[in-house]
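Below: the structure, in structure tokens.
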Amino acid sequence: MRVEPLKRLVGHLAVPGDKSISHRAVLFGALGDGETRVTGFGRSADTEATIEAVRALGVTVYEHDHDTLRIFGKGLRGLVSPGRPIDCANAGTLVRLLTGILAGQNGQQFELTGDASLSARPMKRVTEPLSRMGAALETEDGHLPLGIDARPLRSITYELPVASAQVKSAILLAGLYATGETTVVEPTPTRDHTELMLEAAGVTITRRESSVTVQPAERLDLGEIEVPGDFSSAAPFIIAATLLPGSELHIHGVNLNPRRTGLLTILERMGGRVTVYNRRRIGGEPAGDLDIRSADLVATTVLGPEVPLAIDELPLFALAASCAHGNSRLRGAEELRAKESDRVEATVDALRSLGQHVIATEDGFRIRGVPTRPRGGRIESRGDHRIAMLGAIAALASADGVEIDDAECVAVSFPGFFELLAQLKETSERQEA
Ligand code: S3P
């Protein structure tokens, strides 16, 4: 796929429903008693894998229309083993959260598999705490396929060795089935969609500054879940409008959970001009509309505690910093190496091939900003949706355009990304004429 440069970006858009929240809506709906209606569902390859997974476990899901689901849950203890492997495709959130849920289905056996990328990602981070709770789990040297032999669970207090919302969520979900209260201690705060949705479903959750405690539960009552727009899908457009002089872009109905919007804090430090208006709550989550104007950026340093709050946007931060005045730095982000690709190497390779000055370090990047358009060229997405979108935004901001290899992988989180981009380009160019 080739994306040509653009002068400026103007217009209004909305992005599909949040991927993290959509996964949780389907998984928790599957555990509900009776019907859960999900609106604003973020349909993507990842979240469709979640629908298929719960169907394999005996749950009925009606796809009412493109983004409305009706899920007929089986109750917390009612999932039934399909007797064959459950394919989690490319979805890290699905495999980690489902492991916590299935560990609680006492007396049953399950096997989880995934694609080549997911099979290369670490699973010991979930099997270790869940084994301590009493589950019998088997992996191939810490990787998929993952076998689960569900047994009665005991509660634990667990200090997360890595800041990961997926691991925290897996333990909290297993905690619903444990003998007493289960506590997860976080080295630094991570996204809290699981806590918010479980609380809304009637589960007793106690939140302290650096820990979360869940009480065992008998049932989940979800009713209706409205999913706000995905901040991570809005982020490419935020960076595009920031980088293209004369831009004025509005993005409506975006999730603005502070554990997700680290990129806005980072951009603000860099001189970015993003204003939030119409603040409201959508589906129990903070949300609002964004007004983004182009800005002349200055360098900044991003350190450990800020990393989980911007984890999926760090490749875009690298692009912005490579076009800013001065030298930027990302540190404490070794987790980026354990994503759908090694995102430190994938980002650095992609940006360097466009002529940007970015160097990989063990735990992040060093970036020498040059406030002109990147040259352009060809980038390898490595089958990683976030890298393909990075390439597309770099292309808009480039002098010569960018050829993106395996661009179709955007479907993992945002199947309509290139169509939306084309529409926005057309609107922006028409205003230019
Ligand atoms: C997610 C948590 C993050 C994030 C991923 C989605 C979630 O992963 O990168 O895209 O839905 O909980 P980690 O928990 O591994 O950091």
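Data table
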| quantity | calculated |
| --- | --- |
| Helix 45-56 vs. the chain, principal-axis angle (Cα, 0 to 90°, nearest 10) | 10 degrees |
| Per-pair calculated FRET efficiency, R0 = 41 Å: Arg259 and Lys7 via Cβ, rounded to 0.05 | 0.70 |
| Amide proton proximity set for Ile156, modelled H, under 5 Å, gap of 5+ | Thr183 |
| Antiparallel DSSP beta bridges within the chain, as percent of all bridges there, nearest 5 | 70 percent |
| Most to least packed among 326-332, 248-254 [average Cβ atoms within 10 Å] | 248-254, 326-332 |
| Karplus-derived HN-Hα couplings along segment 222-233 (A = 6.51, B = -1.76, C = 1.60, θ = phi - 60°), whole Hz, x at Gly and Pro | 9, x, 10, 10, 9, 9, x, x, 7, 4, 5, 7 |
| Virtual spin-label span in nm between Glu419 and Gln215, 7 Å along Cα→Cβ | 4.6 nm |
| Relative exposure of Met123, Met389, Met1, judged by other C-beta atoms within 10 Å (fewest first) | Met1, Met123, Met389 |
| GNM result for the chain, Cα springs below 10 Å: residue of Ser353, Ser322, Ser398 fluctuating most strongly | Ser353 |
| Shape of the chain, Cα gyration tensor, a/c cut at 1.5 | prolate |
| Per-residue Cβ neighbour rank within 10 angstrom, fewest leading, Ser169, Ser81, Ser164 | Ser81, Ser164, Ser169 |
| Residue-averaged 222 nm ellipticity for the chain, from DSSP H runs of 4+ at -39500 (n - 2.57), nearest 500 | -9500 deg cm²/dmol |
| Between helix 385-396 and the chain: long-axis angle, C-alpha atoms, 0 to 90°, nearest 10 | 20 degrees |
| Sum of side-chain charges, Thr139 neighbourhood, beta-carbon under 14 Å (Lys, Arg +1; Asp, Glu -1) | -2 |
| Burial ranking of peptide ranges 60-68, 127-135, 421-429 (average Cβ count within 10 Å, highest at the top) | 127-135, 421-429, 60-68 |
| Prolate/oblate/rounded label for segment 19-226 (Cα gyration tensor, a/c 1.5) | rounded |
| Segment Arg70-Glu224, length gained on full extension (0.36 nm per residue, minus Cα span) | 54.5 nm |
| Net dipole in debye of segment 179-319 [+1 Lys, Arg Cβ; -1 Asp, Glu Cβ; about Cα centre; nearest 20] | 320 debye |
| Exposure proxy ranking, count of Cβ atoms within 10 Å, fewest first, for Glu209, Glu4 | Glu209, Glu4 |
| Extension gain (nm, one decimal) between Glu403 and Glu426, 0.36 nm per residue minus Cα-Cα | 6.4 nm |
| Length gained when the stretch His143-Tyr277 is fully extended (0.36 nm per residue, less Cα-Cα span) | 43.9 nm |
| Segment 152-224: Cα Rg divided by the 2.2 N^0.38 Å rule of thumb | 1.02 |
| Whole-Hz ³J(HN,Hα) from phi, Karplus 6.51 cos²θ - 1.76 cosθ + 1.60, for segment 400-416, glycine and proline x | 10, x, 9, 9, 10, 7, 6, 5, 4, 5, 4, 4, 4, 10, 8, x, x |
| The chain: angle of helix 343-353 to the longest principal axis, Cα-based, in degrees nearest 10 | 20 degrees |
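Since every read-out is calculated from the coordinates, none of them should be taken as a lab result. Source: prediction; values computed, not measured. Methodologically, a virtual Cβ is constructed for each residue, glycine included, from the backbone with ideal geometry; neighbour enumeration extends over all protein chains shown.
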